[in-house]
1. So which GluC sites (Glu not before Pro) in the stretch A:87-132 are both in a DSSP loop and have at most 14 other Cβ atoms within 10 Å of their Cβ?
2. For the protein assembly as shown, what class follows from the C-alpha gyration tensor (a ≥ b ≥ c being the square roots of its eigenvalues): rounded when a/c is under 1.5, otherwise prolate if a/b is larger than b/c, else oblate?
3. Count, for each residue of A:118-125, the Cβ atoms from other chains sitting within 10 Å of its Cβ, then give me the mean as a whole number.
4. In degrees from 0 to 90, rounded to the nearest 10, what is the angle of the helix B:263-274 Cα long axis to the longest principal axis of chain B?
5. On C-alpha positions alone, give me the angle between the axis of helix B:99-113 and the longest principal axis of chain B, in degrees, nearest 10.
6. Could you check which residue among A:VAL15, A:VAL185, A:VAL195 shows the biggest mean-square fluctuation in a GNM of chain A with a 10 Å Cα cutoff?
7. For helix B:53-64, report the angle its Cα long axis makes with the longest principal axis of the Cα atoms of chain B; keep it between 0 and 90° and round to the nearest 10°.
8. Given the options B:ALA178, B:ALA199, B:ALA209, which has the most mean-square fluctuation in a GNM of chain B, springs set between C-alpha atoms less than 10 angstrom apart?
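The values are calculated or read from the model by the stated rules, or taken from the named source; none is laboratory data. Owing to the predicted nature of the structure, the values given are computational and were not obtained by experimental measurement. Counting neighbours? That spans all protein chains shown, and the Cβs are built from the backbone with ideal geometry, glycine included. These area figures cover heavy atoms from the full protein model, side chains too; ligands, DNA and RNA do not enter into them. Shrake-Rupley method; radii C 1.70, N 1.55, O 1.52, S 1.80 Å.
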Amino acid sequence: MSTLIGLPKNGYRVVPGPEAYLSPSAAIMGVVLPEEGQGLIEGEIVPQEVAMEEIANRLLSARNPMLFPGPLVLWAWSDKAVAKAKALQDMVAEVPGMRIIPMPDYRPKYPMINPEVEINPNHPNLTIWHNNIDVCMFVGVHCHFANLALKIVRAGTDCYTIALCGERGHEDAMITLRDVHAEEVRKITETIKRVKMGRVSCQKEE
Amino acid sequence: MEALKISPGFEKVMPQEYLELVEDGPYGRGLGVKDLGTFKELIEVHPLCAGCALGLSIRLILASLPNPENTVIVGTTGCNAILMPQVAIHNIHCLFGNQSAVATGLKRALRLRYPNTHKDVVVMAGDGGVVDIGLAPTMHSWFRREQFTTIMLDNEGYSNTGGQESGMTRQGVVVNMAPLGKKFPKVPLHEVAKVAGCAYVATATPARARRLGQMVRRAILVAREIGPAYVQIFCPCSTNYKFPPAESLKRAKETEITEYMVPEAKEWIERIEKGPKAEEVSNEA
Ligand SMILES: Cc1ncc(C[n+]2csc(CCOP(=O)(O)OP(=O)(O)O)c2C)c(N)n1
Ligand code: SF4
(Lines give C-alpha, C1' and ligand atoms only; values in the text may rest on other atoms or scores of the structure.)
(Ligands and ions follow the chains in the order given, each with its own letter.)
Protein backbone atom coordinates (compact mmCIF):
# COMPACT_ATOMS: atom_id res chain seq x y z
CA MET A 1 0.00 0.00 0.00
CA SER A 2 1.19 3.48 -0.82
CA THR A 3 1.96 5.78 2.09
CA LEU A 4 1.97 8.80 -0.18
CA ILE A 5 0.61 11.84 1.61
CA GLY A 6 0.50 15.22 -0.02
CA LEU A 7 -0.05 17.07 -3.26
CA PRO A 8 1.26 16.12 -6.69
CA LYS A 9 4.88 17.24 -7.19
CA ASN A 10 3.80 20.04 -9.55
CA GLY A 11 1.64 21.52 -6.76
CA TYR A 12 -1.62 21.27 -8.78
CA ARG A 13 -4.69 21.70 -6.61
CA VAL A 14 -8.25 20.69 -7.49
CA VAL A 15 -9.99 23.90 -6.53
CA PRO A 16 -13.28 25.56 -7.56
CA GLY A 17 -13.31 27.03 -11.07
CA PRO A 18 -14.15 28.37 -13.49
CA GLU A 19 -10.90 26.73 -14.49
CA ALA A 20 -11.04 26.60 -18.26
CA TYR A 21 -13.43 25.71 -21.06
CA LEU A 22 -11.76 22.30 -21.08
CA SER A 23 -10.26 21.83 -17.64
CA PRO A 24 -7.49 19.22 -17.48
CA SER A 25 -8.37 16.01 -15.68
CA ALA A 26 -6.86 15.94 -12.20
CA ALA A 27 -5.22 12.60 -13.03
CA ILE A 28 -3.32 14.19 -15.91
CA MET A 29 -2.12 16.87 -13.50
CA GLY A 30 -0.66 14.18 -11.26
CA VAL A 31 -3.39 13.70 -8.66
CA VAL A 32 -3.51 10.07 -7.53
CA LEU A 33 -6.40 8.22 -5.92
CA PRO A 34 -6.38 7.61 -2.17
CA GLU A 35 -5.61 4.22 -0.66
CA GLU A 36 -7.79 2.51 1.95
CA GLY A 37 -8.51 4.75 4.92
CA GLN A 38 -7.55 7.89 3.01
CA GLY A 39 -9.36 10.64 1.15
CA LEU A 40 -8.44 13.60 -1.04
CA ILE A 41 -8.80 17.28 -0.23
CA GLU A 42 -8.18 19.42 -3.31
CA GLY A 43 -5.88 16.73 -4.71
CA GLU A 44 -3.97 16.17 -1.50
CA ILE A 45 -4.05 12.75 0.14
CA VAL A 46 -5.25 12.94 3.75
CA PRO A 47 -6.56 10.48 6.34
CA GLN A 48 -10.25 9.65 5.87
CA GLU A 49 -11.29 11.36 9.12
CA VAL A 50 -9.65 14.63 8.03
CA ALA A 51 -11.60 14.56 4.78
CA MET A 52 -14.84 13.84 6.67
CA GLU A 53 -14.20 16.80 8.95
CA GLU A 54 -13.63 19.06 5.95
CA ILE A 55 -16.83 17.77 4.28
CA ALA A 56 -18.76 18.66 7.45
CA ASN A 57 -17.21 22.12 7.54
CA ARG A 58 -17.89 22.83 3.89
CA LEU A 59 -21.51 21.67 4.04
CA LEU A 60 -22.26 23.58 7.24
CA SER A 61 -20.67 26.78 5.89
CA ALA A 62 -22.50 26.64 2.55
CA ARG A 63 -25.18 29.10 1.50
CA ASN A 64 -26.90 26.53 -0.65
CA PRO A 65 -25.63 22.96 -0.14
CA MET A 66 -26.99 20.33 -2.49
CA LEU A 67 -26.92 16.54 -2.69
CA PHE A 68 -26.79 15.04 -6.19
CA PRO A 69 -27.71 11.36 -5.79
CA GLY A 70 -27.14 9.17 -8.87
CA PRO A 71 -28.80 5.97 -10.09
CA LEU A 72 -26.83 3.72 -7.75
CA VAL A 73 -28.67 5.13 -4.73
CA LEU A 74 -31.86 6.55 -6.24
CA TRP A 75 -33.04 3.15 -7.42
CA ALA A 76 -33.81 0.38 -4.92
CA TRP A 77 -31.85 -2.26 -6.79
CA SER A 78 -30.33 -3.86 -3.68
CA ASP A 79 -30.67 -3.77 0.11
CA LYS A 80 -27.32 -1.98 0.28
CA ALA A 81 -28.56 0.76 -2.05
CA VAL A 82 -31.69 1.25 0.06
CA ALA A 83 -29.61 1.44 3.27
CA LYS A 84 -27.25 3.97 1.71
CA ALA A 85 -30.19 6.03 0.43
CA LYS A 86 -31.64 6.15 3.93
CA ALA A 87 -28.28 7.12 5.45
CA LEU A 88 -27.92 9.92 2.89
CA GLN A 89 -31.35 11.33 3.64
CA ASP A 90 -30.53 11.28 7.35
CA MET A 91 -27.31 13.16 6.55
CA VAL A 92 -29.15 15.79 4.50
CA ALA A 93 -31.54 16.32 7.42
CA GLU A 94 -28.56 17.31 9.59
CA VAL A 95 -27.32 20.06 7.25
CA PRO A 96 -29.39 23.25 7.49
CA GLY A 97 -30.83 24.20 4.11
CA MET A 98 -29.42 21.19 2.26
CA ARG A 99 -31.58 20.01 -0.63
CA ILE A 100 -31.56 17.12 -3.10
CA ILE A 101 -31.55 17.21 -6.90
CA PRO A 102 -31.45 13.74 -8.51
CA MET A 103 -29.52 12.31 -11.43
CA PRO A 104 -31.84 9.36 -12.20
CA ASP A 105 -29.94 8.25 -15.30
CA TYR A 106 -27.57 9.64 -17.91
CA ARG A 107 -29.85 10.23 -20.89
CA PRO A 108 -29.49 13.45 -22.81
CA LYS A 109 -33.09 14.68 -22.85
CA TYR A 110 -34.95 16.15 -25.80
CA PRO A 111 -35.79 18.96 -26.22
CA MET A 112 -34.05 19.80 -22.93
CA ILE A 113 -34.12 18.62 -19.33
CA ASN A 114 -35.31 20.98 -16.63
CA PRO A 115 -31.96 21.62 -14.93
CA GLU A 116 -33.72 23.06 -11.92
CA VAL A 117 -35.27 19.72 -10.96
CA GLU A 118 -32.74 17.20 -12.22
CA ILE A 119 -29.05 17.11 -12.96
CA ASN A 120 -27.52 15.44 -15.97
CA PRO A 121 -23.86 14.58 -16.63
CA ASN A 122 -24.08 16.32 -20.00
CA HIS A 123 -24.80 19.76 -18.51
CA PRO A 124 -24.36 19.75 -14.71
CA ASN A 125 -23.22 23.38 -14.88
CA LEU A 126 -26.77 24.45 -15.80
CA THR A 127 -28.11 22.93 -12.58
CA ILE A 128 -25.39 24.63 -10.55
CA TRP A 129 -25.95 28.01 -12.23
CA HIS A 130 -29.74 28.09 -12.19
CA ASN A 131 -29.98 26.92 -8.59
CA ASN A 132 -27.02 29.00 -7.43
CA ILE A 133 -25.33 26.09 -5.67
CA ASP A 134 -22.05 26.79 -3.85
CA VAL A 135 -21.33 23.33 -2.37
CA CYS A 136 -22.52 20.05 -3.84
CA MET A 137 -22.08 16.40 -3.07
CA PHE A 138 -22.17 13.69 -5.76
CA VAL A 139 -22.97 10.16 -4.64
CA GLY A 140 -24.08 7.00 -6.43
CA VAL A 141 -23.05 8.20 -9.89
CA HIS A 142 -21.20 5.66 -12.05
CA CYS A 143 -17.47 6.45 -12.32
CA HIS A 144 -17.16 7.77 -15.87
CA PHE A 145 -20.25 9.99 -15.61
CA ALA A 146 -19.12 11.32 -12.23
CA ASN A 147 -15.72 12.21 -13.66
CA LEU A 148 -17.32 13.93 -16.63
CA ALA A 149 -19.81 15.90 -14.51
CA LEU A 150 -17.20 16.90 -11.93
CA LYS A 151 -14.89 18.19 -14.62
CA ILE A 152 -17.64 20.20 -16.30
CA VAL A 153 -18.60 21.72 -12.94
CA ARG A 154 -14.97 22.64 -12.23
CA ALA A 155 -14.52 23.97 -15.76
CA GLY A 156 -17.44 26.39 -15.75
CA THR A 157 -18.58 27.15 -12.19
CA ASP A 158 -17.17 28.11 -8.81
CA CYS A 159 -19.06 25.36 -6.99
CA TYR A 160 -17.18 23.33 -4.37
CA THR A 161 -17.57 19.64 -5.25
CA ILE A 162 -17.57 16.65 -2.93
CA ALA A 163 -17.74 13.08 -4.25
CA LEU A 164 -18.57 10.11 -2.05
CA CYS A 165 -17.48 7.05 -3.96
CA GLY A 166 -18.27 3.38 -3.36
CA GLU A 167 -15.11 2.42 -5.22
CA ARG A 168 -11.73 4.22 -5.34
CA GLY A 169 -12.67 7.90 -5.15
CA HIS A 170 -12.95 10.74 -7.67
CA GLU A 171 -9.86 12.84 -8.10
CA ASP A 172 -11.83 15.43 -10.09
CA ALA A 173 -13.79 16.45 -7.00
CA MET A 174 -12.43 18.94 -4.49
CA ILE A 175 -13.01 16.46 -1.69
CA THR A 176 -13.46 12.76 -2.21
CA LEU A 177 -13.78 9.68 -0.07
CA ARG A 178 -13.48 6.10 -1.24
CA ASP A 179 -15.29 2.93 -0.07
CA VAL A 180 -18.31 4.92 1.05
CA HIS A 181 -21.30 2.75 1.91
CA ALA A 182 -24.17 3.27 4.39
CA GLU A 183 -21.89 2.93 7.40
CA GLU A 184 -19.43 5.56 6.15
CA VAL A 185 -22.30 7.93 5.33
CA ARG A 186 -23.49 7.53 8.93
CA LYS A 187 -19.95 8.38 10.08
CA ILE A 188 -20.08 11.59 8.02
CA THR A 189 -23.44 12.41 9.62
CA GLU A 190 -21.92 11.90 13.06
CA THR A 191 -19.04 14.20 12.09
CA ILE A 192 -21.54 16.82 10.88
CA LYS A 193 -23.40 16.60 14.21
CA ARG A 194 -20.15 16.96 16.15
CA VAL A 195 -18.93 19.93 14.10
CA LYS A 196 -22.35 21.56 14.49
CA MET A 197 -22.21 21.13 18.25
CA GLY A 198 -18.70 22.59 18.30
CA ARG A 199 -19.94 25.65 16.41
CA VAL A 200 -22.86 26.12 18.79
CA SER A 201 -20.60 25.95 21.88
CA CYS A 202 -18.14 28.41 20.28
CA GLN A 203 -21.01 30.82 19.71
CA LYS A 204 -22.08 30.44 23.34
CA GLU A 205 -18.56 31.24 24.56
CA GLU A 206 -18.44 34.36 22.39
CA MET B 1 -40.80 -4.52 -10.87
CA GLU B 2 -38.13 -5.20 -8.26
CA ALA B 3 -35.38 -3.47 -10.24
CA LEU B 4 -37.46 -0.40 -10.95
CA LYS B 5 -38.35 0.70 -7.47
CA ILE B 6 -37.21 4.06 -6.20
CA SER B 7 -35.26 3.99 -2.94
CA PRO B 8 -37.75 4.91 -0.20
CA GLY B 9 -37.72 8.63 0.52
CA PHE B 10 -36.29 9.65 -2.84
CA GLU B 11 -39.71 9.56 -4.56
CA LYS B 12 -40.31 13.11 -3.47
CA VAL B 13 -37.32 14.44 -5.43
CA MET B 14 -37.70 12.32 -8.57
CA PRO B 15 -38.78 14.22 -11.71
CA GLN B 16 -42.32 13.49 -12.85
CA GLU B 17 -41.17 11.54 -15.90
CA TYR B 18 -39.50 8.90 -13.74
CA LEU B 19 -42.46 8.58 -11.41
CA GLU B 20 -44.58 7.94 -14.48
CA LEU B 21 -42.10 5.40 -15.88
CA VAL B 22 -42.16 3.49 -12.59
CA GLU B 23 -45.92 3.65 -12.15
CA ASP B 24 -47.10 3.43 -15.72
CA GLY B 25 -44.12 2.31 -17.85
CA PRO B 26 -44.05 -0.89 -19.92
CA TYR B 27 -41.53 -2.72 -17.75
CA GLY B 28 -42.60 -6.23 -16.76
CA ARG B 29 -46.15 -5.77 -18.06
CA GLY B 30 -46.12 -7.71 -21.31
CA LEU B 31 -47.54 -4.79 -23.32
CA GLY B 32 -47.45 -4.50 -27.10
CA VAL B 33 -48.27 -2.28 -30.08
CA LYS B 34 -52.00 -2.68 -29.43
CA ASP B 35 -51.52 -1.02 -26.03
CA LEU B 36 -49.89 2.14 -27.40
CA GLY B 37 -51.59 5.21 -26.01
CA THR B 38 -52.45 3.51 -22.73
CA PHE B 39 -49.04 3.51 -20.99
CA LYS B 40 -45.98 5.68 -20.52
CA GLU B 41 -43.75 4.94 -23.50
CA LEU B 42 -39.99 4.46 -23.44
CA ILE B 43 -39.67 7.43 -25.80
CA GLU B 44 -42.15 10.26 -26.17
CA VAL B 45 -40.60 12.97 -28.30
CA HIS B 46 -37.63 12.74 -30.65
CA PRO B 47 -35.55 15.01 -32.81
CA LEU B 48 -35.88 13.14 -36.13
CA CYS B 49 -37.42 14.82 -39.19
CA ALA B 50 -41.18 15.30 -39.40
CA GLY B 51 -42.82 12.20 -40.81
CA CYS B 52 -39.70 10.04 -40.40
CA ALA B 53 -40.73 6.42 -40.87
CA LEU B 54 -37.61 5.33 -39.04
CA GLY B 55 -38.73 7.22 -35.93
CA LEU B 56 -42.16 5.59 -36.12
CA SER B 57 -40.58 2.16 -36.56
CA ILE B 58 -38.44 2.65 -33.46
CA ARG B 59 -41.53 3.63 -31.49
CA LEU B 60 -43.22 0.42 -32.61
CA ILE B 61 -40.14 -1.70 -31.92
CA LEU B 62 -39.82 -0.31 -28.40
CA ALA B 63 -43.48 -1.08 -27.74
CA SER B 64 -42.96 -4.67 -28.93
CA LEU B 65 -40.04 -5.74 -26.76
CA PRO B 66 -41.19 -8.76 -24.72
CA ASN B 67 -39.20 -7.64 -21.65
CA PRO B 68 -37.90 -4.09 -22.04
CA GLU B 69 -36.46 -4.11 -18.52
CA ASN B 70 -34.18 -6.97 -19.58
CA THR B 71 -33.28 -5.73 -23.05
CA VAL B 72 -30.16 -3.99 -24.26
CA ILE B 73 -30.26 -2.33 -27.68
CA VAL B 74 -26.98 -2.09 -29.53
CA GLY B 75 -26.89 0.60 -32.19
CA THR B 76 -24.50 2.49 -34.35
CA THR B 77 -24.13 5.80 -36.15
CA GLY B 78 -27.02 6.95 -38.30
CA CYS B 79 -30.34 8.76 -37.83
CA ASN B 80 -31.47 6.25 -35.18
CA ALA B 81 -28.46 7.15 -33.04
CA ILE B 82 -29.83 10.65 -32.54
CA LEU B 83 -32.96 9.26 -30.96
CA MET B 84 -31.72 6.19 -29.11
CA PRO B 85 -29.72 7.77 -26.25
CA GLN B 86 -32.94 9.39 -25.06
CA VAL B 87 -34.84 6.13 -24.73
CA ALA B 88 -35.54 4.84 -21.21
CA ILE B 89 -33.83 1.53 -21.83
CA HIS B 90 -30.24 0.37 -21.83
CA ASN B 91 -28.59 1.05 -25.13
CA ILE B 92 -25.06 1.09 -26.43
CA HIS B 93 -23.73 3.19 -29.28
CA CYS B 94 -20.91 1.46 -31.16
CA LEU B 95 -18.33 2.49 -33.68
CA PHE B 96 -20.03 2.55 -37.10
CA GLY B 97 -20.50 -1.02 -38.29
CA ASN B 98 -19.24 -2.69 -35.13
CA GLN B 99 -22.64 -3.36 -33.60
CA SER B 100 -22.86 -7.13 -34.15
CA ALA B 101 -19.38 -7.70 -32.74
CA VAL B 102 -20.27 -5.69 -29.62
CA ALA B 103 -23.62 -7.48 -29.33
CA THR B 104 -21.85 -10.84 -29.52
CA GLY B 105 -19.63 -10.08 -26.54
CA LEU B 106 -22.47 -8.48 -24.64
CA LYS B 107 -24.87 -11.39 -25.13
CA ARG B 108 -22.26 -13.93 -24.07
CA ALA B 109 -21.30 -11.90 -21.00
CA LEU B 110 -24.92 -11.39 -19.96
CA ARG B 111 -25.58 -15.11 -20.23
CA LEU B 112 -22.67 -15.85 -17.89
CA ARG B 113 -23.58 -13.07 -15.48
CA TYR B 114 -27.34 -13.78 -15.38
CA PRO B 115 -27.72 -17.51 -16.06
CA ASN B 116 -31.32 -17.57 -14.78
CA THR B 117 -32.71 -14.61 -16.74
CA HIS B 118 -33.05 -14.01 -20.44
CA LYS B 119 -31.32 -10.78 -21.28
CA ASP B 120 -32.39 -9.88 -24.81
CA VAL B 121 -29.78 -8.21 -26.97
CA VAL B 122 -31.17 -6.39 -30.01
CA VAL B 123 -28.97 -4.82 -32.66
CA MET B 124 -30.75 -1.92 -34.33
CA ALA B 125 -28.99 0.01 -37.06
CA GLY B 126 -29.43 1.68 -40.43
CA ASP B 127 -28.96 -0.11 -43.73
CA GLY B 128 -25.52 1.45 -44.22
CA GLY B 129 -24.48 0.23 -40.78
CA VAL B 130 -25.75 -3.32 -41.39
CA VAL B 131 -25.30 -4.08 -45.07
CA ASP B 132 -22.23 -2.00 -45.94
CA ILE B 133 -19.67 -1.21 -43.31
CA GLY B 134 -21.08 -3.67 -40.74
CA LEU B 135 -21.71 -6.55 -43.12
CA ALA B 136 -18.82 -8.74 -41.95
CA PRO B 137 -19.68 -8.59 -38.21
CA THR B 138 -23.39 -9.04 -39.07
CA MET B 139 -22.82 -12.09 -41.25
CA HIS B 140 -20.28 -13.63 -38.92
CA SER B 141 -22.67 -13.33 -36.00
CA TRP B 142 -25.16 -15.32 -38.06
CA PHE B 143 -22.57 -17.89 -39.14
CA ARG B 144 -21.65 -18.36 -35.47
CA ARG B 145 -25.36 -18.64 -34.54
CA GLU B 146 -25.12 -15.86 -31.98
CA GLN B 147 -28.44 -15.61 -30.17
CA PHE B 148 -29.47 -12.03 -30.65
CA THR B 149 -31.81 -10.15 -32.97
CA THR B 150 -30.62 -7.83 -35.73
CA ILE B 151 -33.04 -5.16 -36.90
CA MET B 152 -32.21 -3.14 -39.98
CA LEU B 153 -33.92 0.25 -40.31
CA ASP B 154 -33.89 0.30 -44.09
CA ASN B 155 -34.28 3.82 -45.46
CA GLU B 156 -32.46 2.83 -48.64
CA GLY B 157 -29.50 5.13 -48.20
CA TYR B 158 -27.17 7.00 -45.88
CA SER B 159 -29.55 9.60 -44.55
CA ASN B 160 -27.67 11.00 -41.61
CA THR B 161 -24.83 12.16 -43.83
CA GLY B 162 -27.03 13.84 -46.40
CA GLY B 163 -27.90 11.06 -48.86
CA GLN B 164 -25.32 8.65 -50.22
CA GLU B 165 -26.11 5.30 -51.83
CA SER B 166 -26.09 2.17 -49.71
CA GLY B 167 -26.28 -1.46 -50.70
CA MET B 168 -30.03 -1.23 -50.00
CA THR B 169 -30.68 1.64 -52.43
CA ARG B 170 -32.73 0.37 -55.38
CA GLN B 171 -31.12 0.10 -58.81
CA GLY B 172 -31.36 3.28 -60.88
CA VAL B 173 -32.26 5.53 -57.93
CA VAL B 174 -30.42 8.88 -57.75
CA VAL B 175 -29.83 10.14 -54.23
CA ASN B 176 -28.44 13.56 -53.22
CA MET B 177 -24.78 12.72 -53.33
CA ALA B 178 -24.76 9.93 -55.90
CA PRO B 179 -25.81 11.69 -59.13
CA LEU B 180 -25.04 8.81 -61.47
CA GLY B 181 -27.70 6.58 -59.96
CA LYS B 182 -27.36 3.20 -58.30
CA LYS B 183 -25.62 0.76 -60.65
CA PHE B 184 -26.57 -2.54 -59.02
CA PRO B 185 -29.72 -3.96 -57.37
CA LYS B 186 -30.75 -3.71 -53.72
CA VAL B 187 -28.90 -6.33 -51.68
CA PRO B 188 -31.30 -9.16 -50.79
CA LEU B 189 -30.02 -9.37 -47.22
CA HIS B 190 -33.15 -11.12 -45.95
CA GLU B 191 -32.40 -13.94 -48.39
CA VAL B 192 -28.75 -13.98 -47.40
CA ALA B 193 -29.80 -14.17 -43.73
CA LYS B 194 -31.66 -17.43 -44.32
CA VAL B 195 -28.65 -19.23 -45.76
CA ALA B 196 -26.27 -17.61 -43.29
CA GLY B 197 -27.93 -19.29 -40.31
CA CYS B 198 -30.79 -17.10 -39.10
CA ALA B 199 -33.61 -19.05 -37.46
CA TYR B 200 -36.09 -16.22 -38.02
CA VAL B 201 -36.15 -13.70 -40.87
CA ALA B 202 -38.82 -11.11 -41.59
CA THR B 203 -39.35 -8.06 -43.76
CA ALA B 204 -41.72 -5.53 -42.22
CA THR B 205 -43.16 -2.05 -42.55
CA PRO B 206 -44.39 0.50 -39.99
CA ALA B 207 -47.47 0.87 -42.18
CA ARG B 208 -48.57 -2.49 -40.76
CA ALA B 209 -47.88 -1.66 -37.14
CA ARG B 210 -49.28 -4.72 -35.36
CA ARG B 211 -47.66 -7.10 -37.82
CA LEU B 212 -44.33 -5.30 -37.32
CA GLY B 213 -44.77 -5.64 -33.56
CA GLN B 214 -45.54 -9.33 -33.87
CA MET B 215 -42.44 -9.89 -36.01
CA VAL B 216 -40.11 -8.04 -33.66
CA ARG B 217 -41.50 -9.99 -30.75
CA ARG B 218 -41.21 -13.33 -32.52
CA ALA B 219 -37.66 -12.51 -33.60
CA ILE B 220 -36.58 -11.76 -30.04
CA LEU B 221 -38.24 -14.89 -28.64
CA VAL B 222 -36.65 -17.06 -31.33
CA ALA B 223 -33.25 -15.48 -30.63
CA ARG B 224 -33.63 -16.43 -26.96
CA GLU B 225 -34.20 -20.12 -27.59
CA ILE B 226 -33.28 -21.14 -31.12
CA GLY B 227 -30.82 -18.92 -32.98
CA PRO B 228 -30.12 -15.59 -34.66
CA ALA B 229 -33.03 -13.51 -35.92
CA TYR B 230 -33.16 -10.77 -38.55
CA VAL B 231 -35.92 -8.23 -39.16
CA GLN B 232 -35.64 -5.75 -42.03
CA ILE B 233 -37.95 -2.77 -41.71
CA PHE B 234 -38.66 -0.49 -44.66
CA CYS B 235 -38.49 3.12 -43.41
CA PRO B 236 -38.84 5.62 -46.28
CA CYS B 237 -36.90 8.85 -45.67
CA SER B 238 -38.81 11.94 -46.78
CA THR B 239 -35.85 14.27 -46.35
CA ASN B 240 -33.44 12.48 -48.67
CA TYR B 241 -36.00 11.01 -51.05
CA LYS B 242 -37.70 14.42 -51.21
CA PHE B 243 -41.35 13.51 -50.77
CA PRO B 244 -43.84 15.21 -48.43
CA PRO B 245 -43.59 13.82 -44.88
CA ALA B 246 -47.32 13.07 -44.91
CA GLU B 247 -46.64 10.47 -47.63
CA SER B 248 -44.27 8.36 -45.51
CA LEU B 249 -46.78 5.70 -44.54
CA LYS B 250 -48.19 5.43 -48.05
CA ARG B 251 -44.65 4.86 -49.33
CA ALA B 252 -43.89 2.48 -46.49
CA LYS B 253 -46.56 0.17 -47.88
CA GLU B 254 -44.59 -0.24 -51.08
CA THR B 255 -42.68 -3.25 -49.85
CA GLU B 256 -43.23 -6.93 -49.42
CA ILE B 257 -43.99 -8.33 -45.98
CA THR B 258 -42.36 -11.72 -45.59
CA GLU B 259 -41.71 -14.10 -42.71
CA TYR B 260 -39.48 -17.18 -42.52
CA MET B 261 -38.78 -19.52 -39.63
CA VAL B 262 -36.77 -22.73 -39.35
CA PRO B 263 -38.99 -25.63 -38.16
CA GLU B 264 -37.76 -25.45 -34.54
CA ALA B 265 -38.50 -21.74 -34.45
CA LYS B 266 -41.97 -22.31 -35.87
CA GLU B 267 -42.68 -24.96 -33.26
CA TRP B 268 -41.41 -22.71 -30.46
CA ILE B 269 -43.46 -19.72 -31.60
CA GLU B 270 -46.60 -21.84 -31.97
CA ARG B 271 -46.09 -23.19 -28.47
CA ILE B 272 -45.75 -19.70 -26.98
CA GLU B 273 -48.56 -18.13 -28.94
CA LYS B 274 -50.99 -20.94 -28.14
CA GLY B 275 -50.30 -20.49 -24.43
CA PRO B 276 -52.96 -18.95 -22.22
CA LYS B 277 -51.24 -15.56 -22.06
CA ALA B 278 -49.30 -15.21 -25.24
CA GLU B 279 -48.38 -11.61 -24.44
CA GLU B 280 -46.83 -12.38 -21.09
CA VAL B 281 -43.84 -14.48 -21.94
CA SER B 282 -41.67 -15.26 -18.94
CA ASN B 283 -38.11 -14.15 -19.21
CA GLU B 284 -36.77 -16.79 -16.87
CA ALA B 285 -34.08 -18.77 -18.63
C1 LIG C 1 -16.41 4.72 -39.03
C2 LIG C 1 -17.33 5.79 -39.54
N3 LIG C 1 -17.40 6.03 -40.86
C4 LIG C 1 -18.24 6.95 -41.33
C5 LIG C 1 -19.03 7.66 -40.49
C6 LIG C 1 -19.95 8.74 -41.03
N7 LIG C 1 -21.36 8.37 -40.99
C8 LIG C 1 -22.18 8.81 -40.02
S9 LIG C 1 -23.78 8.37 -40.22
C10 LIG C 1 -23.39 7.60 -41.67
C11 LIG C 1 -24.47 6.97 -42.52
C12 LIG C 1 -25.39 6.09 -41.80
O13 LIG C 1 -26.20 5.46 -42.74
P14 LIG C 1 -27.19 4.32 -42.31
O15 LIG C 1 -26.49 3.31 -41.50
O16 LIG C 1 -27.90 3.83 -43.49
O17 LIG C 1 -28.19 5.07 -41.31
P18 LIG C 1 -29.23 6.24 -41.66
O19 LIG C 1 -28.57 7.52 -41.24
O20 LIG C 1 -29.56 6.18 -43.08
O21 LIG C 1 -30.40 5.93 -40.79
C22 LIG C 1 -22.03 7.68 -41.96
C23 LIG C 1 -21.35 7.14 -43.14
C24 LIG C 1 -18.93 7.39 -39.11
N25 LIG C 1 -19.70 8.03 -38.21
N26 LIG C 1 -18.07 6.46 -38.66
S1 SF4 D 1 -33.00 12.17 -42.69
FE2 SF4 D 1 -34.57 10.66 -43.21
S3 SF4 D 1 -34.19 8.87 -41.91
FE4 SF4 D 1 -33.06 10.62 -41.06
S5 SF4 D 1 -34.43 11.50 -39.53
FE6 SF4 D 1 -34.82 12.59 -41.46
S7 SF4 D 1 -36.51 11.50 -42.46
FE8 SF4 D 1 -35.66 10.16 -40.85
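1. Working: sites: A:GLU94, A:GLU116, A:GLU118; in loops: A:GLU116, A:GLU118.
Taking the stretch A:87-132 and a limit of 14 other Cβ atoms within 10 Å, the loop GluC sites (Glu not before Pro) found are A:GLU116.
2. Details: a/c = 2.35, a/b = 2.01, b/c = 1.17.
Note, shape of the protein assembly as shown comes out prolate.
3. Values: counts 6, 0, 0, 0, 1, 0, 0, 0.
Mean partner-chain Cβ count within 10 Å for A:118-125: 1.
4. With rounding to tens, the tilt is 50 degrees.
5. Between helix and principal axis, roughly 20 degrees.
6. Of A:VAL15, A:VAL185, A:VAL195, the most mobile in the Gaussian network model is A:VAL195.
7. Tilt relative to chain B: about 30 degrees.
8. In the Gaussian network model the winner is B:ALA178.
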